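Scroll down for the structure; my scribbles are underneath it.
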Amino acid sequence: MKILCIGRNYRDHATELGNAVPTEPVVFCKPDSAILQPRLPFVIPSWSQDIHHEIEWVVRIGRVGKFIEPEFAWSYVDAMTVGIDFTARDLQAKLKSQGLPWEKAKGFDGSAVLGAWIPGPIEPGHFAISLEKNGIEVQAGTTADFIFPLEQLIAHVSQYFTLKTGDLLFTGTPAGVGPVSRGDELEGKLGGKSLLRLRIR
Ligand code: ZN
């Protein structure tokens, strides 16, 4: 099982980090060991002083596919939820400045947090996602604002990576990313429904 992630898929988040709006999807991977087991807290790693939350709409792939045409993309989705793509922003900035891969800043243990799954079939549409930190909304967005809609994302990534049953696609984060601290409580919502609760240690 693999985790494919999209960077900079909301214009407002691309610009908040000072990045150009991309002309094709920015794609990176996390290893399966990045998945935080359900009900465990997220433990801030000792080697970072700036772990950021990124709330994202996450879809699960239900069947094998390669070179998927956009019009068939939704039929490859078998469930959806919200997830958090935890990012060590300090390490990522250092690696980016050196022109090096981001993996350590994005794929470390516990960096992929998943909410409760909403099983498919999922009707094509747009979905609102949000994140509260200690009861205050810090990120909110809708997949209607994607630079690259789901059809294009699946078509694009499947040109490079064969999609397999159980693979996950993190679809990018809206503006409002920010640091987490020990003791914070995070709550992720999809369509206003709470699917993810997480304590930071
Ligand atoms: Zn992300």
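Here, each number is a calculation from the coordinates, and none is a lab measurement. All figures in this text were calculated on a predicted structure; none of them were measured in a lab. Ideal geometry is used to build each Cβ from the backbone, glycine not excepted, and the neighbour counts take in all protein chains shown.
The value obtained for the stretch 80-201, namely the Cα convex hull volume divided by the number of residues, is 132 Å³ per residue. Sequence neighbours fewer than 8 away in the same chain don't count; with that in mind, list the lysines whose C-alpha is under 23 Å from Lys193. List returned: Lys133. Comparing mean-square fluctuations of Leu153, Leu17, Leu131 from a GNM of the chain with C-alpha springs under 10 Å, the top value falls on Leu17. Tell me what the chain gives for mean residue ellipticity at 222 nm when only DSSP H runs of n ≥ 4 count, each as -39,500 (n - 2.57), the sum divided by the residue total, rounded to 500 deg cm²/dmol. Theoretical 222 nm ellipticity from helices: -4000 deg cm²/dmol. Counting only aspartates and glutamates at least 8 places from Lys164 when in the same chain, those with an alpha carbon closer than 19 Å to its own are Asp32, Glu69, Glu71, Asp78, Glu151. Of the chymotrypsin sites (Phe, Trp or Tyr not before Pro) found in the stretch 35-73, those in coil by DSSP whose Cβ has at most 15 other Cβ atoms within 10 Å are Trp47, Phe67. With both labels modelled 7 Å from their Cα along Cα-to-Cβ, the Asp184 to Arg201 distance reads 1.7 nm.
For the chain, the longest principal axis of the alpha carbon atoms and the long axis of helix 150-160 meet at an angle near 90°. A straight line joining the Cα centroids of the stretch 1-47 and the stretch 80-130 runs 3 Å.
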